[in-house]
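Below: one structure, written as structure tokens.
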Amino acid sequence: MARGSRRGNRRRKSNGIDDLRVMGLAGAVVAIVFVVYFITEYPGWAMAITVVLIAALSGGLFLRHRVIQARRLRFLAANAALEKVDLMTGPQFEQLVAERMIAQGFRRVRIRGGAGDGGVDITAVAPDGTRCAVQCKRYNKSVGAPAVRNFLGALANAFTGHTGVLITSGRLTRQARQEATDARQRLLLVERDLLADWLTGRFALLTKPTRLVEGDEPAT
């Protein structure tokens, strides 16, 4: 009896869902017919309503963009100090870097950090069209040569044609800087002091003149 009761309940539920689908389809048909009739009989009103709806949609999208932009600027201002960066986790640091890149005008900014990221945490396209692959190191310690070699390997294998950008809250060892200098592929290094300038807007990535290594003088 219990099994038969369950089957009956399932049938009733199925019938109820089918009824709702039929009612929804009928409602959609009625709505389409009404819209076609209204456009045919009152083209002026239809055009005016269309313009109002487009304006409302555009205004809503613009307002949403402004809200997101204001939220991003507040986030960046609240986390621009290195003291705040030093308390972040790795994923939080990646989020900060991505938000700063968006604020600078980078497009298609994508956080890839995590398992299977291929050795690259963020990919993006710079304002001048340069494709970038970014690795973020939220380190209190120094970044050694093996980390630079691994990043260069990732660029060579999976991100050919990208400009590599290594951003760290720490500093690179002398051997790590030498690895970057000797690399055939272009690699930008943003160490602690340069990171502070970037987060506060005093420095911009991929602009000329470019400081490749902390302490270098701008090219002339």
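The values are calculated or read from the model by the stated rules, or taken from the named source; none is laboratory data. This structure is a prediction, so every number in the text was calculated from the model and none was measured. Cβ coordinates were reconstructed from backbone atoms using ideal geometry, including for glycine residues, and neighbour counts include every protein chain displayed.
Structure notes:
- Residue tally, condition of a type in the set (Ser, Thr, Tyr) and crowded, with 19+ Cβ neighbours inside 10 Å, over the range 164-208: 2
- Test: residue in the range 135-149 that is surrounded by 15 or more Cβ atoms within 10 Å (Cβ to Cβ), within 18 Å of Leu206 (Cβ to Cβ) and under 17 Å from the mean Cα position of the chain (by Cα): yes
- Of the helices (runs of 4 or more DSSP H) contained entirely in the range 1-102, those carrying at least 2 residues that are at pLDDT 70 or above and within 30 Å of Asn140 (Cα to Cα) fall at 43-78, 82-85.
- Matching residues in the range 106-120 - criterion: being assigned to a loop (DSSP other than H, G, I, E, B) and either within 18 Å of Thr160 (Cβ to Cβ) or modelled with pLDDT under 90 (or both): Arg112, Gly113, Gly114, Ala115, Gly116, Asp117, Gly118, Gly119, Val120
- Taken over the range 184-220, the criterion of being of a type in the set (Ser, Thr, Tyr) and either at pLDDT below 90 or in a helix (DSSP H, G or I) (or both) is satisfied by Thr207, Thr210, Thr220.
- Among the residues of the range 89-112, just one is within 18 Å of Leu73 (Cβ to Cβ) and aromatic (Phe, Trp, Tyr), namely Phe106.
- Selection within the range 149-192 - among the hydroxyl-bearing types (Ser, Thr, Tyr) and either touching a strand residue (DSSP E or B) at 6+ places or on another chain (Cβ under 6 Å) or farther than 24 Å from Val125 by Cβ (or both): Thr163, Thr168, Ser169, Thr173, Thr181
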